Every structure is written in C-alpha cells, then in structure tokens.
1. Hey, among the residues in the range 618-642 that are assigned to a strand (DSSP E or B) and aliphatic (A, V, I, L, M), which one's modelled with the lowest pLDDT?
2. Would you confirm, using the coordinates I've provided, whether Ile321 is touching a Phe, Trp or Tyr at 6+ places or on another chain (Cβ under 8 Å), assigned to a helix (DSSP H, G or I) and more than 20 Å from Leu238 (Cβ to Cβ)?
3. Looking for something assigned to a strand (DSSP E or B), touching a residue at least 24 places away in the same chain (Cβ under 8 Å), under 13 Å from the mean Cα position of the chain (by Cα) and surrounded by 21 or more Cβ atoms within 10 Å (Cβ to Cβ) - is there at least one such residue anywhere in the range 194-209?
4. For the range 457-480, give me the residue count where each residue is farther than 28 Å from Asn334 by Cα and surrounded by fewer than 22 Cβ atoms within 10 Å (Cβ to Cβ).
5. Looking at (1) touching a Leu at 6+ places or on another chain (Cβ under 9 Å); (2) buried (at least 19 other Cβ atoms within 10 Å of the Cβ), which is the only condition Pro141 fails?
6. If you check Gln139, Gln94, Gln90, which single one turns out to be within 14 Å of Phe167 (Cβ to Cβ) and at pLDDT below 95?
7. Report yes if some residue within the range 3-19 is aliphatic (A, V, I, L, M) and either modelled with pLDDT of 60 or more or surrounded by 19 or more Cβ atoms within 10 Å (Cβ to Cβ) (or both); otherwise report no.
8. Taking the stated definitions as given, is Tyr66 farther than 30 Å from Pro366 by Cα, aromatic (Phe, Trp, Tyr) and out of contact with any Pro (no Cβ under 6 Å at 6 or more places or on another chain)?
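The values are calculated or read from the model by the stated rules, or taken from the named source; none is laboratory data. For clarity, every value in this text was computed on a predicted model and none was experimentally measured. Virtual Cβ from ideal backbone geometry, glycine too; neighbours counted across all protein chains shown.
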Amino acid sequence: MKKILSALLTLALVCSLFAGMPIVKAAPSNATLLNTYASLFGHTGTCVYPAQWDNGSIRNFIKGEYNSITMENEMKPDAVLRSNTMSVSQAKAQGYNIPSNYTDSKVPTLNFSTIDKMMKAAAENGLQIRYHVLVWHAQTPDWFFRANYSSGSGYVGKSQMNARLEFYIRSVMDHVMNSQYANTVYAWDVVNEYMHAQNCGWLSIYGGVNTRPDFVKLAFQIAHSELVKFNKQNSVSLFYNDFNTYMDCDKIISMINFINAEGKICNGIGMQSHLSSSFPSPSYYKQALDKFVKQGYEIQITELDAGGKNDSDQATYYKQIMSAILSAKKAGGNITGITWWGLHDGASWRGNDKPLLFSSLGVKKPAYTAVLDAYFDAGYQIGSKPSNPSTPVVSKAPVVSEKLDDGTYYIKNVLSGKYLQVKDNKGADVQNVEIGTGTGVQGQKWVLKNNSDGTVTLTSALGNYSLDIANGVDEDGANVQIYSSWGGDAQKFYVVKTATNGVYEISTKASAGTKVLDVYERRTDDGTNIIQWTSNGGTNQQFVFEKVNSTTTPSVAPSTAPSVAPSAAPSAAPVTSTGVTYDYKVVSDWGNGFQGQVVVTNKSGKAINNWTLTFNANFKVASLWGADFAGQSGSKVTVKAPSWDGNLANGASVTINFVAEGSDKSAPSSYTIG
C-alpha cells in the first residue's frame, strides 16, 4: 500500500511540475513551409537563378516548399539594359514606351529573354514571382546616366534622367503586364536600398540621400500609373526594399510617407532581413516591424537569412525571429510574404555563415524544424489562412468631442504657429489645404458648425466649400482639401481636447476618430501640406481655435502654447566656442515636455566636415530632426551631421529641432563640435 501511495504522490508531483510549463506544439511530420507559412501569409519563397531552375531536382524541391520565386539577379537593371542602342522610332516599333518628354535621339536595347522564360516557367509550375528590382544604385550600368548613353560622357541633367527613368519603368512593366503570363508577378520592388546608396549615377544627378527623394517618388508614381493602366492596382503591390530596416526605420517611414503624401502609391516595405544571432536581437527587429505595422504598411520579408554560432544557436534565433513575425501578424499586421534568400547553405551568398534552413538541397537543419515549431506554437494549423481584413485593428475609445461655439475661427497649428489656409486663397473643388503665416485673408477663416452626432463641419469663408478628406479614406497620408459641401463623413471632424488647455486635435470621422489633421513631416514652412495621420500626440497635430470678429486678424507671430507659459526663457544668448555659435530657444512648451531648437553657426573660418555635436542637457531628447540623433547617455546628447549633407561650410548654419521630455527647459551647456 505504501508503495502505491508513494507512486501516486510521485505522479502527482510530476503532473504539477508539467502543469506550470508552457505547452509546446511539435510540428506534424507532414508540415512544410508551403502548407504553413505560404498558406498564412499568402506567399513564401526563395531566390533562384535560371541555371538552378533548369535542374529538375531543384525545381521539384522549390515546388514542395514554396509558391514564390525571386530572380537573384536576372531582373535587375544591368541584366535588362543593353548598351547597343536604336533610334526612337525603332524603339517604338518594338513596343518600348517612350514618354513625350524623352529628348535623347537613341534608346538602349532591353533584354527580356530571361524574364519571359522565367514568367512562363513560373506559370507552368504553379508559382508566382516577386519582381526584383526596377531602380537600384548598384547593378545599374553607369552609362545609363550619361550623355548619349556613353560611359565617357558627363552625367545628364534631372529632366533628361526623369525621362529615361520613365522610359525604363514603363517599358519593363508594359512588357511584363502585356504578357500572357502577367499574373505570375504579384509584387514589384520599385526601388531598392536607396537609403544606402553611394557613388552612383542616381546621387550624382539628384543629390545626396535624404528622406524626400524626388526621383524615388517619381519611380513610384510611374509604377503605380502602370498598375492603374492594367487595372492591377488592387492585386499587385509596389514596395520599397532595403536592408538593416531595423536601424533606419524612422527614416524609411518618413520617406514612404513623403512618397504617399498625395495618395498611397507605395504599398509598403520589403524588409530584407540579412540577420545573425549576434545582431539584431529579436526584440530590436520586432520594434521596427511593429513601427511598420503601425503605419499600416504592407510588409514582406524579402531576403531572409540568419547565421548563428552553431546549428543549435541558429535554430533558437530563427524561432525567436519567426515568433516575432507571427506575433505581429496575429496582432493584425499586413504581412503578406516571406522569402528566404537562397536554396541552401551551399548556394547562399553568405555561405560561410550557413544562414539558411537547408545545409544542401532538401537536407533540413534544426533551424527548419524551429521555424515550423514557431508556427504551431503560435496556435496555427496546417492550411491556416490570414484573418480578414489583414490591416491592423485599432482599438480606440469613443471620441469625446469638445463643443466649441458655432462661428468663424482662425485655426492655428501649435508647432509652427501658422494657420490652416486654402492654397492660393482660392475657393474650388480639390483645392489643397496647407499652413501659412497669419494674414487674415478669407482662405484662413473657417466657419465651424456643430452637428447632432458630436462632429463639426468646417466650411471655408471662400464659399460653400468644406474641409474634406480626399475620397473619404481611412488611410495615413490621405490628403486634406476643400470640396463642395455635401455633409458626408469625409467632411465631418471631432474637436478633441489635449492635456493643454485650449489646445485641440482635429480628428476625422472618416477614420472613426483614429486619425487627425497633421502638418506634413512636422515642417513649419509656409505652404506645408496638411494630411490625415494616426494620432501620435505631436504638436504638428495640435491646433488652437481663435474666434474671428470684425476687428481681429490672426497674429503674425502667434504664441505656440496659449495656456502654459514656458518654465524657462524661450531663448538664450548664443553660446560661442572655437568660432562656432550655438543659439538655443524653446519653440513650444506643453508643461511636461517641449520643442527646442539649436541653431549651430560655423564662424571658425573653415568647413567642418562630417561633424559630430555633443552637449549636456537637463532634459531627455525624445526625437530630433534636421540632423541625425545618435543618442543620449545621461545628460550628454550626441548629434551627427545628416547623412544627406555632412559638411558645415564656414558661415553656414544648421538648425536642429527636437522634442524633449521634462520640465527643465534650461539651455544646454558644454557644446563641442568636430
């Protein structure tokens, strides 16, 4: 009896121990990447080149694990562009798309043979293709940027290069989408790695890397118009693709939002994801992923490979990375594909790191099992489908709108101290809304009328035109305009209190109150566009309503925070060291935080190249623009020259704006630059 009792007690103890452990679901023996990740995300793939594809064993392996392929090199510009040229009339006869602003007398030949072969092969084998890539600073022949398409000539100007860019993108996309196999291509990398461009024709013609690159935006405008022409804008996606996206996340977001300022033409981000267990950490990777999800971007993991110290370390890391991706997907992230960059370690461009799931063709590593285990641990089954809709679900309490009196108002932005106005002071449908210095013109006056549903309409004093969200869409970046008053949700807004008395957000009914009026990119220049954007608490999203009467006009230099006086003087006398002056001021103040500004002026008698600025501050810098924020350690703040303009010439100035946390707004000290 004692033996039986002892055995029962032992069994109970074991059961209690296991009861506290997480349940790990082992992958079924019939699980593959194809019936798990491809089913959930829509696409899972690998990169391949034609010689590999021609091998029957490789072809069958691909079809067993993937439903998508990416050409490793054969769709890049240097594989398509040929230096032999033809006349414009000959090019048109061959079906090339020559834009009306094309001024060259010659046109380079385009080689479509491999593209045609692989599209046909994909269609015949039930696969689809990510087209990689239309615009890239690498693997584009230098002669493409030079006069007469000659490597010995100088670079052409912007307008001539714009026409060449349009010729190339339209001709390639026309060829692909006129093909009987057009439906194999489901995604295009329109621009690749712009944030890391260097020593190339694109930069020589258009200038250094920045977050508002005109030619990048033009490339997406052209590509999107091609999709519209073939009625594929709702079935084919356009991506910006880059590596180290977790390090450049904010810059990429700024650039994509610039591209999409007038309407979504870039669907989202391709995160290449060349990783190692030593960097980035899964949590760091997930932070960037979450930021992209929050923006509402479509996301594809486009070139995944991950090295480790050994097979076990690699497997652990892969499982953590895949769990992070699956977590973002489960939370509503619009993640629509994962591509591994290579068939196996022996075919990888990072062969020494052994970064893939297979050691050789079809030979699975522990990482393969770990990737599948992450899928089943997340609660998915073989054949799981994505939830619908695939865009993030935003949880938001009902909007509580502050009731202002009906009447006519000037509406002042807190960050800039400038006023909402109709562009060119002209009443017309689809006339843009922007900010401008207060002048009291009719285009700066808005007639507020309260509605029974708690919203307001804001009608321009220029006539029967109301403030309007273009097309009434619930999208970040949607344009704000005036349009003939009709009373729909696109013309209804909530006036929402902030923590500062007398300061409001203007949220949109078109977004169910989740998005607000936003001054584009936190800029303060006259003419800066107003868009719709997810509420983030920034002062570029905050406004003051100033009642208009017969004798008032908006103040030319309005206060930026009407109810809270700065706890420190808004400006300080310039500090000078080694011939460089530092002029600090508080731009706006909301009590427990503020926007500050430091103007650095070089009077040293010589240029300061690739500079780094440090100073001590009694506040914590939360964000910074006008330069690159390198970080803060204790009180020491480090700022580096912006990547697009590293030189500070003698006599020149750079203006650095930042948002800081804390009530101490006293001037920084101990400036150094070098």
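1. The selected residue is Leu624.
2. So Ile321 fits the description; yes.
3. Taking every residue of the range 194-209 in turn, none turns out to be assigned to a strand (DSSP E or B), touching a residue at least 24 places away in the same chain (Cβ under 8 Å), under 13 Å from the mean Cα position of the chain (by Cα) and surrounded by 21 or more Cβ atoms within 10 Å (Cβ to Cβ).
4. Total satisfying the criteria: 6.
5. Failed condition: (2).
6. Exactly one residue qualifies, and that residue is Gln94.
7. No - not one qualifying residue is present in the range 3-19.
8. no
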